[in-house]
Amino acid sequence: MKKHLLLAIGIVLGLAIVLILIAENRQPGLISPLVPTSLKPKPLEKYSFENLRKREYPGGEIKLEKVIKEEPSYTSWLFSFQSDGKRVTGMANLPATRSPKGEVWPVIIMLRGYADEEIYFTGLGTRKAADFFAENGFLTLAPDFLGFGESDWASADILEARFYRPVEVLNLLASIKTLPQARQNSQGDLGGQADSEKVAIWAHSNGGQIALSVLEIIQKPIPTTLWAPVTQGFPQSVLQYMGELDDQGKKVKAAIEEFLRLYDPELFSIDNYFADIQAPLQVHQGTADEYIQSEWTDEFVKTMEFLGKKVTYSKYSGNDHNFQQSWDLVVSRDLQFFQKNLR
């Protein structure tokens, strides 16, 4: 009797499972623990490089909110702009004078590397180089990124916050036309669109990874200089630094493990799209860098050269991650690079 009862229960349960699966196949929006991984929601899919290329970047008005400091040759401002409805702040350096021909200032977007939120302040990681470029006639814009400075909060999802940073930069690029000091029309007054040939990117460390992402998405010839850039693919570029975090990166590792169960990482990885970069690059690497191994940058440059890309590479013996030993030489080479490519 018990055997027959157990058999009947087993048949009923089996039929129930089959009916559930059939019903869910007919209703894609219905999710249960029995649904295969491939049918689970994929909210981060919109950040794949292919999808980021398809979307629009409306940007928003760049507002100069308050003066941070005044120097004889430039003024530093706290600025803000909108990225998909979120407020992003940063530091803007505006030169004190126009060029003799009355032209507007060329613009350099400054992208910093990793920063601890607890010690961060607007301009950290970019202000020294930004001051130098402003002294030499460039308008600089260094975004804080969401979650930093006076910006709105970033996504609580660790990986979404990371994937969104190129979007912030693309919205900033789209916003430049709203800044009167950086735009002119064909008659030379301040009433038209920004000249795309007058915009460049400077990036350090993880800012280099963001810059490369932007160049791969936008596929435009924006002159870009990279200081000790992160060039490894995702998720290797994140996992290699986990040991430096207080919790040994357990939270990040768990997020990446879950990500790998749902997504193809190659669709989110810069090293899979190097061939799409159309910009001239200048790359700097110190041989004593404690965070970026020079071999990684060597390999990146070799790959770019193999792909036929325009890249200038300089290595600095004994230099650390911030090029303290040869800073003046490095930044002077960047000035020449920008002057040449933005003339």
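For the reader, a short list of remarks on this structure follows.
- Whichever residue in region 286-311 is among the hydroxyl-bearing types (Ser, Thr, Tyr) and under 20 Å from the mean Cα position of the chain (by Cα) and, among such residues, is modelled with the highest pLDDT: 297
- Members of region 324-343 found to be of a type in the set (Phe, Trp, Tyr) and over 11 Å from residue 282 (Cα atoms), listed by number: 327
- Restricting region 64-95 to residues that are among the charged types (D, E, K, R) and touching a Leu at 6+ places or on another chain (Cβ under 7 Å), the residue that is surrounded by the most Cβ atoms within 10 Å (Cβ to Cβ) is 86.
- Residue tally, condition hydroxyl-bearing (Ser, Thr, Tyr) and either over 21 Å from residue 230 (Cβ atoms) or part of a helix (DSSP H, G or I) (or both), over region 297-343: 4
- Any hit, region 200-215, residues being at pLDDT below 95, assigned to a helix (DSSP H, G or I) and touching a helix residue (DSSP H, G or I) at 6+ places or on another chain (Cβ under 7 Å): no
- Residues that are surrounded by 14 or more Cβ atoms within 10 Å (Cβ to Cβ) and without any contact (Cβ under 8 Å) to a residue 60 or more places away in the chain within region 300-321 comprise 301, 303, 304, 309, 310, 311, 313, 315, 316, 319, 320, listed in sequence order.
- Some residue of region 232-241 being farther than 25 Å from residue 159 by Cβ and free of Cβ contacts under 8 Å to residues at least 12 places away in the same chain: no
- Within region 239-270, being assigned to a helix (DSSP H, G or I) and either at positive phi or at pLDDT below 90 (or both) holds for 239, 242, 243, 244, 250, 251, 252.
Okay, residues lined up against (1) without any contact (Cβ under 8 Å) to a residue 24 or more places away in the chain; (2) outside any strand (DSSP E or B); (3) in the same structural domain as residue 265 (by TED's automatic domain parsing):
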{"position": "68", "(1), (2), (3)": "no, no, yes"}
{"position": "117", "(1), (2), (3)": "no, yes, yes"}
{"position": "132", "(1), (2), (3)": "no, yes, yes"}
{"position": "149", "(1), (2), (3)": "no, yes, yes"}
{"position": "153", "(1), (2), (3)": "yes, yes, yes"}
{"position": "156", "(1), (2), (3)": "yes, yes, yes"}
{"position": "160", "(1), (2), (3)": "no, yes, yes"}
{"position": "170", "(1), (2), (3)": "no, yes, yes"}
{"position": "176", "(1), (2), (3)": "no, yes, yes"}
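- Count of region 96-130 residues which are farther than 15 Å from residue 201 by Cα and either surrounded by fewer than 18 Cβ atoms within 10 Å (Cβ to Cβ) or among the hydrophobic types (A, V, I, L, M, F, W, C) (or both): 19
The values are calculated or read from the model by the stated rules, or taken from the named source; none is laboratory data. As the structure is a computational prediction, the values presented were derived from the model and not from experiment. Note that we place each Cβ from the backbone using ideal geometry, even for glycine, and neighbour counts take in every protein chain shown.
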